[in-house]
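Have a look at the structure below, then the notes.
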Amino acid sequence: MESIFSSAGSAAEAAARVKNMRWPASLRVGHTTILTGKAIQISSSGLSLLLDRTVREGETGLVRVDAFIAGNPVRLQARTSVVCCTCVGMEGFRLSLRFQDLDDDATNAIETLLRAR
């Protein structure tokens with residue numbers, strides 16, 4: 001299983017690049033299927049979602065995360081591919097997603113989410 005959250009640096013550097021969170025998120029797969037859940041972790045290369053159903057590895061989709069940082073809304077919307085899907089018991093399934101072809105708005109949103117306290 002490949003980890004999109006691994007780091008070659010120190011533990012302090014890794015903590016600066018990976019952010020744990022609990023924000024509403026959705027994943028649109030295909031033209032009609034929208035899955036809702038929670039974004040639980042983000043890095044500059046991808047994020048993890050908790051969903052109530054499984055998604056095949058390699059599937060591509062559009063992820064959307066809505067957050068409030070210092071009272072301001074932040075929306076991340078980006079194309080992703082599923083790297084891994086794991087059952088995590090009663091919570092559902094943890095999807096590890098890798099970002100694809102980020103635009104400037106998505107890059108800025110990721111930076112804002114990573115800096116949030």
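What follows draws every value from the coordinates through simple rules; no lab data is involved. Because the structure is predicted, anything quoted here is derived from the model rather than measured. Cβ sites come from the backbone with ideal geometry, for glycine too, and all protein chains shown count toward neighbours.
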- request: List, in order, the whole-Hz ³J(HN,Hα) value for each residue of segment 23-33 obtained from phi through the Karplus relation with A = 6.51, B = -1.76, C = 1.60 and θ = phi - 60°; use x for Gly and Pro.
  value: 10, x, 8, 9, 10, 9, 10, x, 8, 10, 8
task: Taking amide H positions as placed in the peptide plane 1.01 Å from N, state which residues far from GLY46 in sequence (5 or more) or on other chains have amide H under 5 Å from it.
output: PHE99
message: Skipping prolines and chain starts, which residues have an amide H placed within reach, meaning under 5 Å, of the one on GLU59, given they are 5 or more residues away or on another chain?
response: VAL82
Inter-site label distance for THR33 and GLU91 at 7 Å from Cα along Cβ, in nm: 2.3
field: Cα-based shape type of segment 64-107, given that a ≥ b ≥ c are square roots of the gyration tensor eigenvalues and the cut on a/c is 1.5
entry: oblate
task: Would you calculate a helix-derived [θ] at 222 nm for the chain, using -39,500 (n - 2.57) for each DSSP H run of n ≥ 4 and dividing by the full residue count, to the nearest 500?
output: -4500 deg cm²/dmol
task: Quick one: Debye curve from the alpha-carbon atoms of the chain only, equal weights, vacuum; give me log10 I(q)/I(0) at q = 0.16, 0.24 Å⁻¹ to two decimals.
output: -0.71, -1.53
message: How much length would be gained if the chain were fully extended between GLU111 and SER81, taking 0.36 nm per residue of separation minus their Cα-Cα distance, in nm to one decimal?
response: 8.8 nm
